[in-house]
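The structure appears right after this line, and notes come after that.
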Amino acid sequence: MRILVVEDEQKVADALREGLEGEKYDVVVERTGEGAFFRVNTEMFDAILLDLTLPGRDGLDILRVLRARG
């Protein structure tokens, strides 16, 4: 399972990545909304852990676009 973690706080992102990788998930971390938006448009993920308050494009905006696409 491939998971995108979108979190701007380094310690939180690192903890999530370490925990998920420890459970054998393939984890990609993005620290900005723009980076996350690019990734979801160019790569496939099974799940996204999305922080709502991000620098640049916020998580709610990304979520609205993803939901509108179905």
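FYI, it's all coordinate maths here, none of it is from the lab. Values in this document were obtained by computation on a predicted structure and should not be read as measured data. FYI the Cβ positions are ideal-geometry reconstructions off the backbone, even for glycines, and counts take in every protein chain you see.
Before moving on, here are some points about what is shown:
- For the chain, the Cβ-based charge dipole about the Cα centre amounts to some 320 debye (Lys, Arg positive; Asp, Glu negative; other atoms uncharged).
- Over all projection directions, the Cα-based convex hull of the chain averages an area of 4.2 nm².
- Modelled FRET efficiency - R0 25 Å, GLN10 with ARG57, Cβ distances, 0.05 increments: 0.85
- Whole-Hz Karplus values for segment 17-30 come out as 4, 4, x, 6, 5, x, 8, 6, 8, 8, 10, 10, 10, 10 Hz, taken residue by residue from phi with 6.51 cos²θ - 1.76 cosθ + 1.60 and θ = phi - 60°; glycine and proline positions read x.
- For LEU49, distant residues with modelled amide H under 5 Å away: LEU4, VAL5, VAL6
- Nearest 10 degrees, 0 to 90: helix 33-42 Cα axis against the chain principal axis: 90
- Cβ-defined net charge surrounding MET1, 13 Å radius [Lys, Arg +1; Asp, Glu -1]: -2
- Cα-based helix-to-principal-axis angle, 59-69 vs the chain, degrees rounded to 10: 70
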